[in-house]
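Undergrad: The structure that follows is given in the form of structure tokens.
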Amino acid sequence: MLEQALKHYFGHSHFRTGQKEVIQSVLNHQDTLAIMPTGNGKSLCYQLPGYLLEGLVVIVSPLLSLMEDQVYSLQKNGERRAIAFNSLLSFAERKFVLSHLQQYKFLFISPEMLVQKTILQALANSRIALLVVDEAHCVSQWGIDFRPEYLQLAAVKQQLKAPTTLALTATATEQVARDIQQNLLGKTHQVFRYGMDRKNIGLIVDKSGEEKDTLLMHYLQQLSGAGIIYCATRNKVEELYQKLRGKYSVGYYHGGLASDQRKVLQQQFSRNELQLLIATNAFGMGINKQDIRFVIHYDLPDSLENYSQEIGRAGRDGKQSYAILLYRPGDETIHYFFQKELSAEREQLEMTPQSLMLSPLQEKWQAKINEYGANKWFTILKQNEWEKKQQLKTMLEYIHCTTCRRCFLLAHFDEEKQPLDQCCDIDGIEIRLDQKEFKPQRKNSWQERLLKIFKETN
């Protein structure tokens, strides 16, 4: 019985919604797409089958922070056969892991690392119980422009002797779901979709004329508990950090930090040593903290997909939480700039001979041109550019909508509209402080710890 296995390996008596059905599909060796809300325990859908199937579970993960978080979670539960195979490992460590794959049960790896010939060959010579693509919407979201390696996962799967594949995501429109199925799953597969509606998250869009920093301080004074503040750029993240560091227990997180710094900050936030974390979306998928009470978007997200992912970090414990977006006319300009830069990269590649210097992104695109042909690949890129413009347009429609925001969000993801009383700013939601004030867990300095040891031994 699956319930017995759940109790034995994880100490839980009951499955959450959808978990058992997805796990059963995987154990029946069916390729599976599971669209489940954040905080619903997607990780269990591959962890439990991993214990029940013989062989290695390979989890393709988009971010170092997400890998580290998952490994940390497994190790905290006593699992020592989990490893994040990434740039944090030395060359010697990576060589050791590849030559001792049979010693591991869960291996987390990025698509860029997975497609490397040496690594792929080592995995192909091992017994793969399950191939997992976590945050599978990245196949559609990042697979064309920023990380084309996601589009190679179908070929990778074949080289690994076509193991059972599980694709996991919290947000997927019908189009994104089709992209995942076409690029990752076999002809016969199962799709499980569970509602993304998180009724405990109040939705607020502040379009008032006040200066953003003033508004931010206003909301922080009203809110309690731990929270994340999202910004569009690294510079803005660091700027806000400098403004808040004297007033709050705060850290900042972006892709420019050293890997050990990111790991420490993530752990500090998880252990309530920090109340606030100011971050770019690089942190969006990399945290599994149950009691985040609020998410504030200082800058405008570029799509409802990213927005939904990021606000989904709040209230995983089911308690009242808030998603607050600060908007000023013109906030979308930065995304128009990013879109223009991406188009310029594509246009330059169309006109530039291969002999000239290419950017790292253009080099990746050139490899796809060699695979698909120039006409087909440039058509794909232009279609992707158009879709990004539409996504931003829809994000702005959400900002300016005059009906229930929750209904707007659910309709975008093709879910049934379920209006609630006071669920967003449109229908008069108010912030309620029904949770305890945040009290940071203070860690003693090394001097204090040394003095404590001295006193205990004398």
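The values are calculated or read from the model by the stated rules, or taken from the named source; none is laboratory data. Quantities reported herein were computed from a predicted structural model and do not represent experimental measurements. Note that each Cβ is placed from the backbone with ideal geometry, even for glycine, and that neighbours are counted across all protein chains shown.
Undergrad: Across the range 146-201, which residue is farthest from Tyr307 (Cα to Cα) among those that are modelled with pLDDT of 90 or more and of a type in the set (Lys, Arg)?
TA: This residue is Lys161.
Undergrad: Among the residues that make up the range 23-33, is at least one of them surrounded by 15 or more Cβ atoms within 10 Å (Cβ to Cβ), closer than 21 Å to Ser73 by Cα and without any contact (Cβ under 8 Å) to a residue 40 or more places away in the chain?
TA: Yes, that holds for at least one residue.
Undergrad: All but one of (1) modelled with pLDDT of 85 or more; (2) assigned by TED's automatic domain parsing to the domain that holds Gln320 hold for Ala374; state the number of the condition that does not hold.
TA: (2)
Undergrad: Here is a further query. Mind checking whether some residue in the range 44-65 is among the polar types (S, T, N, Q) and surrounded by fewer than 19 Cβ atoms within 10 Å (Cβ to Cβ)? Reasoning before the result, please.
TA: Going residue by residue through the range 44-65, those that are among the polar types (S, T, N, Q) are 47, 61, 65.
With the extra rule that they be surrounded by fewer than 19 Cβ atoms within 10 Å (Cβ to Cβ), the set shrinks to none.
No, the range 44-65 has no match at all.
Undergrad: Are any residues in the range 163-186 charged (D, E, K, R) and surrounded by fewer than 16 Cβ atoms within 10 Å (Cβ to Cβ), and if so, which ones? Spell out the reasoning first.
TA: Taking the range 163-186 first, the residues charged (D, E, K, R) are 174, 178-179.
Listed by number, the residues that qualify are Glu174, Arg178.
Undergrad: Suppose the filter is surrounded by 18 or more Cβ atoms within 10 Å (Cβ to Cβ), small (Gly, Ala, Ser) and not in a loop (DSSP other than H, G, I, E, B); does Ala323 pass it?
TA: Working: surrounded by 18 or more Cβ atoms within 10 Å (Cβ to Cβ): yes; small (Gly, Ala, Ser): yes; not in a loop (DSSP other than H, G, I, E, B): yes.
Taking the combined requirement at face value, the residue satisfies it.
Undergrad: A further question follows. Look at Asp414 and say whether it is out of contact with any Cys (no Cβ under 9 Å at 6 or more places or on another chain), surrounded by 12 or more Cβ atoms within 10 Å (Cβ to Cβ) and at pLDDT below 90. Explain how you work it out, then say what you get.
TA: On the way: out of contact with any Cys (no Cβ under 9 Å at 6 or more places or on another chain): yes; surrounded by 12 or more Cβ atoms within 10 Å (Cβ to Cβ): yes; at pLDDT below 90: yes.
Yes: the conditions hold for Asp414.
Undergrad: Could you check how many residues of the range 388-410 are under 19 Å from Ala172 (Cβ atoms) and exposed (fewer than 13 other Cβ atoms within 10 Å of the Cβ)?
TA: 1
Undergrad: Just to be sure I understand, how many residues within the range 371-402 are without any contact (Cβ under 8 Å) to a residue 12 or more places away in the chain and of a type in the set (Phe, Trp, Tyr)?
TA: So the answer is 2.
Undergrad: Hey, can you tell me all the residues within the range 187-210 that are farther than 30 Å from Arg328 by Cα, surrounded by fewer than 13 Cβ atoms within 10 Å (Cβ to Cβ) and of a type outside the set (D, E, K, R)? Give the steps one after another, and end with the answer.
TA: Initially, the range 187-210 is screened for residues farther than 30 Å from Arg328 by Cα, giving 187-195.
Restricting the remaining residues to those that are surrounded by fewer than 13 Cβ atoms within 10 Å (Cβ to Cβ) gives 187-188.
Selection gives Thr188 alone.
Undergrad: Taking Arg316 and the conditions (1) in the same structural domain as Leu410 (by TED's automatic domain parsing); (2) modelled with pLDDT under 90; (3) in contact with a Leu (Cβ under 8 Å, 6 or more places away or on another chain), which numbered condition does it fall short on, given that it satisfies the others?
TA: Exception for Arg316: condition (3).
Undergrad: Looking only at the range 266-276, count every residue that is touching a Leu at 6+ places or on another chain (Cβ under 7 Å) and crowded, with 21+ Cβ neighbours inside 10 Å and tell me the total.
TA: Just the residues of the range 266-276 that are touching a Leu at 6+ places or on another chain (Cβ under 7 Å), to begin with: 268-269, 276.
Narrowing further to those that are crowded, with 21+ Cβ neighbours inside 10 Å: 269, 276.
Summing the residues that are touching a Leu at 6+ places or on another chain (Cβ under 7 Å) and crowded, with 21+ Cβ neighbours inside 10 Å in the range 266-276 gives 2.
Undergrad: Return the residue satisfying two criteria in turn: it lies in the range 87-128 and is within 27 Å of Asn183 (Cβ to Cβ) and of a type in the set (Phe, Trp, Tyr), and of such residues it is surrounded by the fewest Cβ atoms within 10 Å (Cβ to Cβ).
TA: Looking at residues that are within 27 Å of Asn183 (Cβ to Cβ) and of a type in the set (Phe, Trp, Tyr), I get Tyr104.
Undergrad: Name the pairs whose Cβ atoms lie under 8 Å apart, with the first residue in the range 236-247 and closer than 16 Å to Leu220 by Cα, the second aromatic (Phe, Trp, Tyr) and assigned to a loop (DSSP other than H, G, I, E, B), and 6 or more positions between them or separate chains?
TA: Qualifying pairs under 8 Å: Leu240/Tyr298.
Undergrad: I would also like to ask the following. Tell me, yes or no, whether the range 437-456 has at least one residue that is at pLDDT below 80, in contact with a Lys or Arg (Cβ under 7 Å, 6 or more places away or on another chain) and surrounded by 14 or more Cβ atoms within 10 Å (Cβ to Cβ).
TA: Scanning the range 437-456 turns up no residue that is at pLDDT below 80, in contact with a Lys or Arg (Cβ under 7 Å, 6 or more places away or on another chain) and surrounded by 14 or more Cβ atoms within 10 Å (Cβ to Cβ).
Undergrad: Further question on the same structure: Regarding the range 334-349, can at least one residue be identified that is surrounded by 16 or more Cβ atoms within 10 Å (Cβ to Cβ) and farther than 26 Å from Tyr230 by Cβ?
TA: Yes, there is a match, as at least one residue in the range 334-349 is surrounded by 16 or more Cβ atoms within 10 Å (Cβ to Cβ) and farther than 26 Å from Tyr230 by Cβ.
Undergrad: Further, regarding this structure: Criterion first (assigned to a helix (DSSP H, G or I) and without any contact (Cβ under 8 Å) to a residue 40 or more places away in the chain) does Ala344 satisfy it?
TA: Numbers: assigned to a helix (DSSP H, G or I): yes; without any contact (Cβ under 8 Å) to a residue 40 or more places away in the chain: yes.
Criteria met by Ala344.
Undergrad: Among (1) closer than 25 Å to Ala172 by Cα; (2) surrounded by 15 or more Cβ atoms within 10 Å (Cβ to Cβ), there is one condition Ser224 misses while meeting the rest; what is its number?
TA: (1)
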